[in-house]
Structure formats: structure tokens, C-alpha cells
Amino acid sequence: MKKLLLFSLILVLLAGCSSKKQIEQQLHSGNYDQAITNALRQLQSKKTEKRKSKFISILKDGYDRITKRDLEDIAFLKKDGNPANNVKIFEMYSTLDARQRAIEPVLPLYLNGREVKFNFNDYTSEMIYYKNKTSEYLYGNALNLLKSDNKNDFRLAYDDLAYINSHNPNYKDVDDLMQEAYHKGIDYVIVSIKNDTQQAIPNRLEEDLLNFDTYGLNEFWTVYHANPNESFNYDYTMQLQLKQINISPEQVRETEFIREKEIKDGWEYQLDSNGNVEKDSLGNDIKIDKFINIRARFLESHQIKSTQILADVVYTDLITNQDLDRFTIDSGFVFENVFGTFRGDKRALLDEDRRIIRNRMVPFPSNEQMIYDTGEDLKLKLKEIINSYKF
């Protein structure tokens, strides 16, 4: 037990040393914020322990270094005079403030009996000033971008306006401009299905494939319409071209197995060489287990029917009338039912055999149902293409 406790203590000490070395390496490599974060994590509890003193030194050193660097960078950006720098300056002041707030909960800290002083500043005025300067700059930039005819510019305008809205809510008419930028930046896509298979497809399958509300798409800048609306100027089409539908014959495959087992079947008296019942030391008749061999023929039957749908997904630019991309989809569905029968002694069957013989043969699905069930896999693969495709 003592050895186990000693070993556990060694592991804790080694982990502490490893953690300290990693944080020191972060500090010396200039990764100050990471070093500060990890040092703070170490100081969340038992900060007065002697072994925590190194983390206090790291925290103090890292804070002083990165604060000095940030303030020097801010001074440079101010001298540069570029209005675009206002965003960076605002973010740097916000970071300086957030860093101080993160350290405050662990204060006061002591080294060698003396309090470690952190030079904190009130950046509130600077943050407010540069928040407004940032809003002013991004607002003007967004207005210029909205004069463009390029959807990417509209999306950039939306990002600028969203930034303003997150840091400076209710600034001018940002909400209205965001809506304008969003609607101008959307790609509108007409979706259709073309059946080249010479086979009818179930109406409900076509309805499901075109019902994009069920796809759970995460496409912020793309809207798909199965029913075109004359009030929209569409940019692209996406056509699902069904090329081939293959349906296998209905099959029942049978496999026969012989199951044999030796089982206990009661008891019998143990006889000596003369045919007399043997006695134990107490004079009682000796009984022994009686075993018999049993056998059964197990017939396992597999009902199988499969469907395959081959299709292409074609994206077309409506302005140039040129195909942009073509993706091939190979979807399938397999209907399978396993049932079984046996002849002979049921006790010889395996546990799995017993489960199977409880099943019964069922009617095969119709071709229409098979095609519809294959459509579920087709829909999943179509969703993957839509989610990954970028115009």
C-alpha cells in the first residue's frame, strides 16, 4: 500500500513538472496568452502552495510581456493612420481588458511573502472610442460594397454589418442593411428531377427528394426552390438526373445445416462387471448421468431483393447556360428476411437457430416500394453533395 501511494505521488509530481515545463516553453516561445491561460488554470486552487510559486512567476512575466507588446502594436497602428486599423485597435484594447478580467479572480498572489503587483489599466474610454471608430469605418465600407453587382461583395458587406451589430447594437440602420446585404448575396437555385430511366418513380419519392425542408441543410448563402417563383432572379439550376434503376429478381436462398449434440437425458445406476448395482461407502446405490446423442436438420432461408439507382447531379449556371459540375450517385437498398425450419430434435439447435425459426416468410416488397426505399439512400447522398458544394 505504501509503495502504491509513493508511486501515485511520483506520478503527480512528474505531471506537475511536465506541466510547468510546457508552460515555460510557451512563455519563452512568445505564446504568452496560452502560458497565461495555463498558469491561471494551475492557480485556480491551492494557489498558496509553495509548488505553485513558479506559476505565479510565469503569470506575472507573461502578462507584463504581452501587455507591453500589445500597447506597442497599438501605438504603431495609431501612427499609421489607416482607418482600417481601427478594427484591430478595438480588438486589441478588448483583449487587454479581457486579459485583466481573467487574472482578477486569482488575486492577490504572493511570492516570498510579498504581494505580486499587476499593472492594470482602465481601457473603457479607448474601447468605446475605437468601437465607434470601427463601426464608422465598417459601416462606410459596407455601404460601398452594397453598390457593387458582385454577390461576394454583398456577403463581405453582411460580415462587416454583422460585426457592427455584435459589438455596437442598434447602430444606425445596420439591421436593415444586413437584410439587404443578405438578400443580395444569396444564390438562388432551381431544383428539378429528370427521369431518364424509362421506369416510373413513385410520386412520393419525387416529393420527398424535392422537399428541401427535410434535408436539414446548413447553407446560409444558398436557397433551393423546387417550385420557381417569378419574383426571384435565379442564378443556378441543380438537376437530379435519374439514369438507371436496377431491380433484382426475388430470391430465396436455402442452406441446410446438420446440428448434433450430446445432452444429459436422465440417470441410470452404475453397474459393476457382473451387472450388479454398485454401492458407495455408505451403502447407497450409485447413480450416474445418462447421455444421449441428438440430431436435427436446420434449413436456413434468406429472402433477398435489391434495388440500385444510378443518377447524376448537374449544376448549371443560368447566366452563361454552362454546366458547372456533374456528380454521380450510386444508391442501393437491400430487402432481406431470414427465417428457418427444422426436422428432428429441437434441443440440438443453436441459440441463433432457435431465434431464426421464430421468423416467418414475408411478402416481398413491390418494385415501387423498393424504389422508394432506395430513395432514402439517394436523398442522403444528394444532401452530402449539396452541403459540400460551393458556387
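Residues considered: 84, 75, 102. Of these, the only one that is without any contact (Cβ under 8 Å) to a residue 24 or more places away in the chain, within 30 Å of residue 166 (Cα to Cα) and of a type in the set (A, V, I, L, M, F, W, C) is 75. Considering the range 291-310, the residues that are surrounded by 12 or more Cβ atoms within 10 Å (Cβ to Cβ), of a type outside the set (A, V, I, L, M, F, W, C) and touching a Lys or Arg at 6+ places or on another chain (Cβ under 8 Å) include one that is nearest to residue 193 (Cα to Cα), namely 302.
Of all residues in the range 227-254, exactly one satisfies the criterion of being assigned to a loop (DSSP other than H, G, I, E, B), surrounded by 13 or more Cβ atoms within 10 Å (Cβ to Cβ) and of a type in the set (S, T, N, Q), namely 248.
Listed here are the residues, each with its yes/no results for (1) among the basic types (Lys, Arg); (2) closer than 30 Å to residue 380 by Cβ.
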{"site": "144", "(1), (2)": "no, no"}
{"site": "148", "(1), (2)": "no, no"}
{"site": "151", "(1), (2)": "yes, yes"}
{"site": "193", "(1), (2)": "no, yes"}
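Across the range 264-278, what is the number of residues that are surrounded by 12 or more Cβ atoms within 10 Å (Cβ to Cβ) and either within 21 Å of residue 354 (Cβ to Cβ) or hydrophobic (A, V, I, L, M, F, W, C) (or both)? The number of residues fulfilling the criteria is 3.
When residue 364 is tested against (1) surrounded by 11 or more Cβ atoms within 10 Å (Cβ to Cβ); (2) more than 36 Å from the chain's Cα centre (by Cα); (3) over 27 Å from residue 201 (Cα atoms), just one condition goes unmet, and that condition is (3). Listed by position, the helices (runs of 4 or more DSSP H) contained in the range 132-226 that have at least 2 residues being among the small types (Gly, Ala, Ser) and either surrounded by 13 or more Cβ atoms within 10 Å (Cβ to Cβ) or modelled with pLDDT of 95 or more (or both) are 151-167, 174-185. Listed by first and then second residue, the pairs with beta-carbon distance under 9 Å, at least 6 apart or on different chains, first residue in the range 255-268 and assigned to a strand (DSSP E or B), second surrounded by 12 or more Cβ atoms within 10 Å (Cβ to Cβ) and of a type in the set (Ser, Thr, Tyr), are 255/301. Reported count of residues in the range 42-68, each being exposed (fewer than 13 other Cβ atoms within 10 Å of the Cβ) and either at pLDDT 90 or above or part of a helix (DSSP H, G or I) (or both), is 3. Criterion applied to 56, 66, 103, 74 was being assigned by TED's automatic domain parsing to the domain that holds residue 33, closer than 26 Å to residue 29 by Cβ and touching a strand residue (DSSP E or B) at 6+ places or on another chain (Cβ under 8 Å), and the one residue passing it is 56.
The values are calculated or read from the model by the stated rules, or taken from the named source; none is laboratory data. Please read these numbers as outputs of a predicted model, since none were measured by experiment. Note: ideal-geometry Cβ built from the backbone for every residue, glycine included; neighbour counts use all protein chains shown.
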